[in-house]
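Novice: So that we are looking at the same thing, I have put the structure below in structure tokens.
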Amino acid sequence: MSREPVIEVENLWWKYELTPDWILKGINLKIYRGEFVVIVGPNDSGKTTLVQSFNGLIPHFQRGEMRGTVKVLGKDTQETEVADLCRHVGMTFQDPETQFLLSTVVEEISFGPQNLGLPPEEIKDRVEWALKVTRMSEFRKKDPVELSGGQKQRVALAATLAMKPEILILDEPTSMLDPIGKDELMAVLYDLRKTSPDTTFIIVEHHIEELVNLADRFILLRDGKILRDAPTEKFFEDPDFLLNNGVRVPDSILLYKKIGRKIGSTGRIFLTEEEAIKALGKLLSERKIRVKTPVKKFEEYAEYPSKIAEERAVAIEAKDIHYVYPDGTYALRGIDLKIYEGEVVALIGQNGSGKTTLSKVLCGIYKPTRGYVKIYGRDTRTTKAPELATLIGYVFQNPDHQIFNETVRKELEFGLKNLLRFKLIKPEEIEERIKESMKITGIPETILDEHPFLMNKGMRQRIAIASILAMRPKILIVDEPTTGQDTWQSIEVMKFLERLNKQGHTIIIITHEMWVVSRWAKRTIVLAEGKVLLDGPTRYVMSRPDILQKTFVQPPQITRIAQALNSYGIPKNILSVDEFVETIDP
Amino acid sequence: MGKTVRRIRTFFAYISEDSPLTKINPVTKVIILLLINLYPLLIDNPVYNFIYGISLLSMMKIFKVEYKNVGKYFKVLMTLATFIFISVTFFGRSVAGPSPTVIARIGPIEVYKEAMAFGIMVYMRMFAMCSAMMFWLSSTTTLELSVALERLGFSYSLRTAITMAFRYIGMFDTDFTIVQEAQKARGLDMKALPFYLRPILFGYYLIPLTAVVIRKAIDAGTTMAARGFKGSMKMKFIEEKAARAKITYLRKYHYKKLTVPDYIVLAILAILLVVCLIGKFQGWLANPWYYTYIIRTLIAW
């Protein structure tokens, strides 16, 4: 690899016009041609701001104060227009949908080259090339918004690639993708890396498990400063440091750290799942480590459903639910299930499998086309919305869709006033319920008269949950609570839901994050094409990768490692690194 | 099993691929947009506007345009229109003419026949215009609009801006649906509310929709900048008469000439326009219950 720097950042400071604090604080950085660099760090650490300074969006498009210099291919970004820089630096953003400007895949991809003023023949060639490398040729006539999550992200990538940038920046490209979407995108990046060795890749990402294999170098950013900048293997040498700085370290690396302590040095760190399987397989076959047999807790799960059914009341009963959208799309095709009081249930499946539709049918937002849903015995088809809201609450994925008022107080009162209108509560209860929901969610009284949209996303999500909790629903459905959140925020949200569960709430989580499922959900329901593919204790569901694969879901990395080593006696339903370590007898 | 007909996504809904409307030239469609929204402005007679609106909605069914989505917006728009109608009827002295006829007294409020007639006229005009817009948005694609604007000589930047603005109507529709659902999840059931409360509560749509639209606009703007778009740019691509070597998929639109169906549609539209213009000035389309009709009759006499 040549050591020609393509990006040189010298003492970069940046603050946005309306914020008092500096977002970037004296960044010094050089990125070389052909490098694959991954930038990690908690939310609000300045990752997006930093990469936006590479293509001139900062300082030309965003308003604020800049100190220091950024040079891209020798050009000072402060003196070069974005339109000029974008010939060299391509960038895709987190949400593919908001990046779509036109109505067909072909138009979308040709937009950038058109702006470069290229001759028509070259535009055509570039569009065809971008379609081919992103494996989107067959979708050329489609409207981008109608594609699946992974396909959308590939169109966004193709639109950038068609500009043939020397530097390619992807800002959280996998955050909204299901596991198959992530795999599809990674496969494209892998191909690109092989076929375009001179292209420099810069990826901002929280989910680094799949990137460890591709990256030359990782950079950890926190509070606007670079805390660590090192080649991949060296970067992960101290996982505790990374965990303490909000990085979710892949299970294979954590396993190496723990197994390494137990069995002494095993040589090279397990950067990937394959490396872990190979190294541990060798140790197990050479009998340098043994498996404890049998570990009781890995067998207990089989009793779970019947035990629950005997002990607890039925919170939700769904019988033969079908749902057809007004445009004729079949979303649900005969679902039967019972959810018991106090359960934590995860609803998983690929994008479009019917998870969100099922949740909306369960809480009465949609009436089933056929079949019925009963919430504590009340049929959702005949129960009015305010009454249902006191039984079951639904927290939408994007908090911005569910904030209707100009102050936090009015927001918390909103649902309660709807209940009041139907005489379901008394006026004097409102203040008490607001205080109660604020206490549970940790909303400080000082922000009651503030505008909810001035809060950060985490607080907006809390406000949305608090306004649902104020109605005291017994069941709470939360749609993708960890999307766009960093590791700390994800853990905080999940612990909060765990507390609610301990207080007696039944919790249903819709998610793509398998580590969230394996850590918090006791029961998992897998959906595929509008049907229940698998329903049982999470440990059981994760032990069936053959079935999960049908809906393009994978168990967490540690479970996959355990399953690959099952022939040596490692239980195939292990859900955490600690559980794996428990089974090993050095 | 019967043959499955592909559906094409339009700004607002879907249209069946075998619909006659898909055969119409994009330029004709832009002319349709302009004229079908103009007719209700020339028609004062609420009965005619009502018939016009109903005819357009029926055409959606006839031409295989998905119309279920329309109902949702009609509920909102017609509730707002009803609110306007009520306020004009009860507080419409200023539109009632010089010597209005009092038909009822509710306390201090006088209800005038002319104000009521004016209210009905406004209400039906809104209904007709909403129907026209729904019909067009539900049967036209972004690509058709983009191509038509290019053919009509719009600059690249203006064409992109107009197309994107229309495209966002569809995305706005998705957000509107989610906001409605989120309100329902918080116990707000519009159907179960008294009629007079509904227009007030529509205000609750505005805060989340405004926030989401602003965020999306910022994201789109950032993407456009990152892909080298400049509002004032002159595009070589367009200047070189790109139609000659355009991307295969777009070619059919660019070379598409006006055909017999286009001429038939344009002829009907032209005849309707002439009828409306003559009717407007001859008084055939006037509101028979509103004072302008009386004044016009007197002047003519």
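Novice: Filtering segment A:542-573 down to residues that are within 26 Å of A:Val361 (Cβ to Cβ) and touching a residue at least 40 places away in the same chain (Cβ under 8 Å), which residue is farthest from the chain's Cα centre (by Cα)?
Specialist: A:Thr551
Novice: Another question, then. Being touching a strand residue (DSSP E or B) at 6+ places or on another chain (Cβ under 8 Å), over 16 Å from A:Gly349 (Cβ atoms) and buried (at least 20 other Cβ atoms within 10 Å of the Cβ), is that true of even one residue in segment A:570-579?
Specialist: Yes.
Novice: Please indicate, with yes or no, whether at least one residue in segment A:339-362 is farther than 26 Å from A:Gln554 by Cα, among the polar types (S, T, N, Q) and either touching a Leu at 6+ places or on another chain (Cβ under 8 Å) or modelled with pLDDT of 90 or more (or both).
Specialist: Checked segment A:339-362: no residue is farther than 26 Å from A:Gln554 by Cα, among the polar types (S, T, N, Q) and either touching a Leu at 6+ places or on another chain (Cβ under 8 Å) or modelled with pLDDT of 90 or more (or both).
Novice: List every residue pair whose Cβ atoms lie under 6 Å apart, where the two residues are 6 or more positions apart in sequence or sit on different chains, the first residue falls within segment A:364-378 and is within 21 Å of B:Ala182 (Cα to Cα), and the second residue, located anywhere, is of a type in the set (D, E, K, R).
Specialist: A:Ile365/B:Glu181; A:Ile365/B:Lys184; A:Tyr366/A:Lys360; A:Lys367/A:Arg381; A:Lys374/A:Glu317
Novice: Moving on. Could you figure out which of (1) over 30 Å from A:Leu454 (Cβ atoms); (2) within 14 Å of chain B (Cβ to nearest Cβ) isn't true of A:Thr356?
Specialist: (1)
Novice: Follow-up. Could you say whether any residue in segment A:79-92 is within 14 Å of chain B (Cβ to nearest Cβ) and under 30 Å from B:Phe12 (Cβ atoms)?
Specialist: Checking segment A:79-92: at least one residue is within 14 Å of chain B (Cβ to nearest Cβ) and under 30 Å from B:Phe12 (Cβ atoms).
Novice: From the set of residues in segment A:95-130 that are facing chain B (nearest Cβ under 7 Å) and of a type in the set (Gly, Ala, Ser), which is surrounded by the fewest Cβ atoms within 10 Å (Cβ to Cβ)?
Specialist: A:Gly117
Novice: Restricting attention to helices (runs of 4 or more DSSP H) lying wholly within segment B:1-114, give those where 3 or more residues are within 14 Å of chain A (Cβ to nearest Cβ) and at pLDDT below 75.
Specialist: B:68-91
Novice: Pick out the one residue from A:Asp449, A:Asp400 that is touching a residue at least 60 places away in the same chain (Cβ under 8 Å) and charged (D, E, K, R).
Specialist: Of the residues listed, the single one that is touching a residue at least 60 places away in the same chain (Cβ under 8 Å) and charged (D, E, K, R) is A:Asp400.
Novice: If you don't mind, another one. Looking for whichever is surrounded by fewer than 22 Cβ atoms within 10 Å (Cβ to Cβ), in contact (Cβ under 8 Å) with a residue 40 or more places away in the chain and assigned to a strand (DSSP E or B) here; the options are A:Leu332, A:Leu337, A:Leu347. Which one fits?
Specialist: Among A:Leu332, A:Leu337, A:Leu347, only A:Leu337 is surrounded by fewer than 22 Cβ atoms within 10 Å (Cβ to Cβ), in contact (Cβ under 8 Å) with a residue 40 or more places away in the chain and assigned to a strand (DSSP E or B).
Novice: What residue, of A:Gln52, A:Gln78, is farther than 28 Å from A:Arg193 by Cβ, polar (S, T, N, Q) and either in contact with a strand residue (DSSP E or B) (Cβ under 9 Å, 6 or more places away or on another chain) or modelled with pLDDT of 90 or more (or both)?
Specialist: Values: A:Gln52 fails: farther than 28 Å from A:Arg193 by Cβ.
Answer to the check: A:Gln78.
Novice: So, one more: Does A:Thr559 satisfy being of a type in the set (Val, Ile, Thr) and touching a Lys or Arg at 6+ places or on another chain (Cβ under 6 Å)?
Specialist: no
Novice: Hey, does segment A:180-197 have a residue that's away from chain B (no Cβ under 14 Å), in contact (Cβ under 8 Å) with a residue 60 or more places away in the chain and touching a strand residue (DSSP E or B) at 6+ places or on another chain (Cβ under 7 Å)?
Specialist: Looking through segment A:180-197, at least one residue is away from chain B (no Cβ under 14 Å), in contact (Cβ under 8 Å) with a residue 60 or more places away in the chain and touching a strand residue (DSSP E or B) at 6+ places or on another chain (Cβ under 7 Å).
Novice: Restricting the search to segment A:513-567, which residues are in a loop (DSSP other than H, G, I, E, B) and at negative phi?
Specialist: Residues satisfying the conditions are A:Glu513, A:Ala521, A:Lys522, A:Ser543, A:Arg544, A:Val553, A:Gln554, A:Pro555, A:Pro556, A:Leu565.
Novice: Do you know which of the residues in segment B:281-301 that are within 14 Å of B:Tyr48 (Cβ to Cβ) and in contact with an Asp or Glu (Cβ under 8 Å, 6 or more places away or on another chain) is modelled with the lowest pLDDT? Walk me through how you get there before you give the answer.
Specialist: Applying the first criterion (within 14 Å of B:Tyr48 (Cβ to Cβ)) to segment B:281-301 yields B:282-290, B:293.
Those still in the list that are in contact with an Asp or Glu (Cβ under 8 Å, 6 or more places away or on another chain) too: B:285-287, B:289-290, B:293.
Details: B:Leu285: 80, B:Ala286: 79, B:Asn287: 76, B:Trp289: 71, B:Tyr290: 66, B:Tyr293: 53.
For segment B:281-301, the residue satisfying everything is B:Tyr293.
Novice: For A:Pro59, only one of the following conditions fails: (1) more than 9 Å from every other protein chain (Cβ to nearest Cβ); (2) in contact (Cβ under 8 Å) with a residue 12 or more places away in the chain; (3) outside any loop (DSSP other than H, G, I, E, B); (4) within 30 Å of B:Thr141 (Cβ to Cβ). What is its number?
Specialist: (4)
Novice: Is it the case that some residue within segment A:278-286 is surrounded by fewer than 22 Cβ atoms within 10 Å (Cβ to Cβ), over 23 Å from A:Ile574 (Cβ atoms) and among the acidic types (Asp, Glu)?
Specialist: no
Novice: Select from segment A:457-485 the residues that are modelled with pLDDT under 80 and not small (Gly, Ala, Ser) and list them in ascending order.
Specialist: Selection gives A:Lys457, A:Thr483, A:Gln485.
The values are calculated or read from the model by the stated rules, or taken from the named source; none is laboratory data. Note that the structure is predicted; figures quoted are calculated from it, not measured. Don't worry about glycine lacking a Cβ; one is built from the backbone with ideal geometry, like all the others, and counts go over all protein chains shown.
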